[in-house]
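Below is one structure, written out as structure tokens; the observations come after it.
The values are calculated or read from the model by the stated rules, or taken from the named source; none is laboratory data. Note that this is a predicted model, so its numbers are computed, not measured. Here the Cβ positions follow ideal geometry from the backbone for every residue, glycine too, while neighbour counts run over all protein chains shown. We work out accessible area using only protein heavy atoms, side chains counted, and drop any ligands, DNA or RNA first. Shrake-Rupley method; radii C 1.70, N 1.55, O 1.52, S 1.80 Å.
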Amino acid sequence: MFRSKVAGVGSFLPEKVITNFDLEKMVETSSEWIIQRTGIERRHMVDENEGTSDMCVRAGNKALAHAGMTVDQIDLIIVCTLTPDYKMPAAACLVQAKLGARNIMSFDLNAACSGFVYGLFVADQFIKTGVYKNVMVFGAENLTRLLNYKDRDTCILFGDAAGCFIMTRAEENDPNYLMTAHAHAEGSLAELLWAKGGGTRYPFSQEVWDTGSHYMQMKGKEIFKNATRTMATACHEAMDAVNLKPDQIDWIVPHQANMRITEAVASHLDFPMEKIVSTVHETGNTSAASIPVAFDIAMQDGRIQRGQTILLTAFGAGLTSGSAILRF
Ligand code: UT7
């Protein structure tokens, strides 16, 4: 069995920004309420001519440059997303073509906001078993197109972004590697956060359009409660698996959903907030993209450094959850 490690990291945030003040003009809300309840100040929105795959390409090229690799070295592309460009084919196939890769396995993985942790877990299996050596794992979302900008419960929360890790086979005595990964789902709670219409169960129709059931709908309070409990449990699961205590973790990079969720997780774990990466004020919730984007921002500004021990934890629609610990 081999081990996998992170060879490169990259991310992309679209230039266009939606501020809380912009939202004040669309729904009955206030910047003060949004900041107090979520910590979010702005979120990014992809250009109307671009989509999920385009954001992936921008993040992916940065990750390749960071890894010092070229695309012809890549064996597998996984795009973790709930907002692919099209219903078919997979966004990963579009990313493959746009990056200039040819003939390699490419697929989408939908575990909503936990997608990136699921993706790392899957990539690790391919690398561990020696099937593949270099895997691009993307977390990418174009959520602004899944939002009803008349629904203040959801439209204030989410934004667009993409992030990418290049996972590679670690050398035998390399101290840096993906130490453990875990993933779960509690499907009985799926209706707490979903987009019911416009799929195959309720295909697009006048009724779907009139009721707006193709947009994301959420029971915010229940999701909030589940998120804090589940992310804290997932952190414990990962630390227990590799016998680490919270004081041996340099950074937690949680899914960026809401500052109050992050604070509650820190309090459950008795973990200092100064060692939790938070970028939610700048990005809003970008679902599967949020962990690699937050990771890249913290790496670029010098907080995250090679050799550190980093815990990732996520929670999302499904209801999915997951955690991973890597020595970077
Ligand atoms: O990746 C996982 C995805 N999901 C999430 O991260 C969401 C998790 N949930 C949350 O983050 C929070 O539940 C919200 C931020 C969505 C809402 O915060 P809350 O503290 O749970 O507020 P609430 O739903 O209990 O609403 C409190 C009040 C209500 O008014 P009344 O009934 O007290 O008069 C709402 O109608 O705030 C009102 N409200 C708003 N007011 C201004 C709800 N949304 C808004 C809004 N602006 N956007």
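What distance in nm separates the two pseudo spin-label positions at Ser205 and Phe21, each 7 Å out from Cα along the beta-carbon direction?
The modelled label-to-label distance comes out at 4.5 nm.
Given +1 on the Cβ of Lys and Arg, -1 on the Cβ of Asp and Glu, and no further charges, what dipole in debye does the stretch 178-327 carry about its Cα centre, rounded to the nearest 20?
100 debye
Using alpha carbon centroids, what distance separates the stretch 144-161 and the stretch 281-328, in Å?
21 Å
How many percent of the accessible area of the chain is carbon or sulfur, using a 1.4 Å probe?
So the carbon and sulfur contribution to the accessible surface is 50 percent.
What are the extents of the Cα atoms of the stretch 4-169 along their three principal axes, in Å, largest first?
54, 29, 25
Can you list the DSSP H helices in the chain whose Cα atoms extend at least 18 Å along the helix axis and whose mean Kyte-Doolittle hydropathy is 0.0 or higher?
Those that clear 18 Å and a mean of 0.0 are 115-128.
Using the Cα centre as the reference, give the magnitude of the dipole from point charges on the C-beta atoms of the chain (Lys, Arg: +1; Asp, Glu: -1; all else neutral), rounded to the nearest 20 debye.
Value, rounded to 20: 420 debye.
Need one number: % antiparallel among DSSP beta bridges in the chain, to the nearest 5.
Around 70 percent of the beta bridges assigned by DSSP in the chain are antiparallel ones.
Of Cys235, Asn173, His281, which is farthest towards the positive pole of the stretch 165-295's charge dipole, taken about the Cα centre with +1 and -1 on the beta-carbons of Lys, Arg and Asp, Glu respectively?
Checking the options against the dipole of the stretch 165-295, the answer is His281.
How many Å² of accessible area per residue for the stretch 4-169, probe 1.4 Å?
41 Å²
Reported to two decimal places, what Rg/Rh ratio describes the chain when computed on Cα atoms with Rh from the Kirkwood expression?
0.95
Could you name the aspartates and glutamates whose alpha carbon sits less than 13 Å from that of Lys245, not counting residues in the same chain fewer than 8 places away?
The reachable aspartates and glutamates, counting only those whose Cα sits under 13 Å from Lys245, are Glu237, Asp270.
Of Leu189, Ala257, Asn49, which is farthest towards the positive pole of the chain's charge dipole, taken about the Cα centre with +1 and -1 on the beta-carbons of Lys, Arg and Asp, Glu respectively?
Leu189
Which value in nm describes the separation of the simple spin-label points at Glu50 and Arg37, placed 7 Å from the Cα toward the beta carbon?
3.1 nm
Per Stokes-Einstein, at 37 °C and 0.692 mPa s, what whole-number D in µm² s⁻¹ belongs to the stretch 216-319, with the Kirkwood radius over Cα pairs as the hydrodynamic radius?
235 µm²/s
Taking amide H atoms as placed 1.01 Å from N in the peptide plane, list the residues 5 or more away in sequence, or in a different chain, whose amide H sits under 5 Å from that of Gly8.
Residues meeting the criterion, in which the H sits 1.01 Å from N, are Ile166.
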